[in-house]
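Read the structure below first, then the notes.
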Amino acid sequence: MRKTGHLVIIFFLSFYGLVGYGGAADAQQTAPQTASEATENPSETDGQYERALPYLEQGEVTFDSKNYEASLAEFERAYAILKGHPKQCETLKNIGLCHERLFRYDRALDYYRRYLAECGAAAKERDKIEQKLDVLNDLLGTLKVAANVSSEVWVDNVLIGKAPGDLLVSGGRHTVELRAVGYESEQREISIPGGSIQHLAFTLNEISEYKGISPVFFGSAAGLAVISAGIGTWFGVQTLSQKSDAEGRVQKLNTAGTEDDIDSSALTADVFFATAGVFALGAGILYLFTDWGGEQKSTADKPKDIEISLRPTASKQRAGLQLVGSF
């Protein structure tokens, strides 16, 4: 009886590097650089790399589960920790890969180019990355943005460059917004096919400078405070005078009316003193918001002066206040 033997060969394969983007024509799919790749050289397993290793490993896990936003955050954190380390530039390829899977082809291109530049001759799979750059370029549209002032260009709430100038964006629908200090921002909804060129022209309006409240209001409030305080003082003096007269006639039978007059004058004085306090407080607040050094306006542009005066009226039976003004 003839026996045959079977030789079983087990291959352990490690895939790392680049993954084809969703929906793009690329038959070769690869995965992010694995954390184990960096341990091939024991000298590279230093303290700095050990601190970045948990983020690299978590980035692989979240990438495999297609949570590309989470994976991106992990790789970006690892890149920051590996500052100055020989393996730092390799992380740029993984960051670009996450952007690619999120259809942010413009940012993927940026990180792939940085990867080739920072890694230099040590860049792995350089030929494949360069081929991918050509493919991604065809998926991008060019925005030629014109503006009346130098502005920041935000696409989908992400700063991508300056205007005037040419900018690359992924094909599709986007919100383009221009922002400049001292000017009102302006945004537009656009739809741009990949490989096309679209012209946009923006005219930003300068924000009107706030020059404060007219001094007329402060003057009016301060004047009313002084007038109210003066009236309160006048009634206070009247109250003291009436009280003195009442003490001299304390033996007379009919003193009820005099006491009523004294109480009325005292109450009126208190009211006007409180009113003066309110106007004084208002004047203080207006002072903070008043434009004291504004440009002089022509006579035709000046508002009419506001004249306000308060005239007290009093008798034995009642006391009052008459407001007189012209506008």
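The values are calculated or read from the model by the stated rules, or taken from the named source; none is laboratory data. As the structure is a computational prediction, the values presented were derived from the model and not from experiment. Using ideal geometry, Cβ is built from the backbone for each residue, glycine included, and neighbour counts are taken over all protein chains shown.
Take Val158 and tell me if it is exposed (fewer than 15 other Cβ atoms within 10 Å of the Cβ) and within 16 Å of Arg107 (Cα to Cα). So Val158 passes the test.
Scanning the stretch 169-202 for residues that are among the hydrophobic types (A, V, I, L, M, F, W, C) and more than 25 Å from Leu136 (Cβ to Cβ) returns Leu178, Ala180, Val181, Ala201, Phe202. Would you please name the residue that is nearest to the chain's Cα centre (by Cα), looking only at residues in the stretch 281-293 that are assigned to a helix (DSSP H, G or I) and surrounded by fewer than 17 Cβ atoms within 10 Å (Cβ to Cβ)? Result: Leu288.
A quick yes/no check of all residues on (1) modelled with pLDDT under 95; (2) in a loop (DSSP other than H, G, I, E, B); (3) in contact with a helix residue (DSSP H, G or I) (Cβ under 7 Å, 6 or more places away or on another chain):
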| position | (1), (2), (3) |
| --- | --- |
| Val169 | yes, no, yes |
| His174 | yes, no, no |
| Gln187 | yes, no, no |
| Ser191 | yes, no, no |
| Gly195 | yes, yes, no |
| Tyr210 | yes, yes, no |
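Here's the yes/no breakdown for (1) loosely packed, with under 15 Cβ neighbours inside 10 Å; (2) in a helix (DSSP H, G or I); (3) hydrophobic (A, V, I, L, M, F, W, C):
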residue: Arg51; (1), (2), (3): yes, yes, no
residue: Lys66; (1), (2), (3): yes, no, no
residue: Ser71; (1), (2), (3): no, yes, no
residue: Ala80; (1), (2), (3): yes, yes, yes
residue: Lys83; (1), (2), (3): yes, no, no
residue: Ile95; (1), (2), (3): no, yes, yes
residue: Glu100; (1), (2), (3): no, yes, no
residue: Arg107; (1), (2), (3): no, yes, no
residue: Leu136; (1), (2), (3): no, yes, yes
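For the stretch 135-155, which residues satisfy the criterion of being closer than 17 Å to Arg107 by Cβ and more than 19 Å from the chain's Cα centre (by Cα)? Val135, Leu136, Asn137, Asp138, Leu139, Leu140, Gly141, Thr142, Leu143, listed by residue number. The residue list Lys128, Lys87 contains one member that is crowded, with 16+ Cβ neighbours inside 10 Å and more than 18 Å from Asp166 (Cα to Cα), which is Lys87. With respect to (1) among the polar types (S, T, N, Q); (2) touching a Ser or Thr at 6+ places or on another chain (Cβ under 6 Å); (3) crowded, with 20+ Cβ neighbours inside 10 Å, the lone exception for Ser151 is condition (2).
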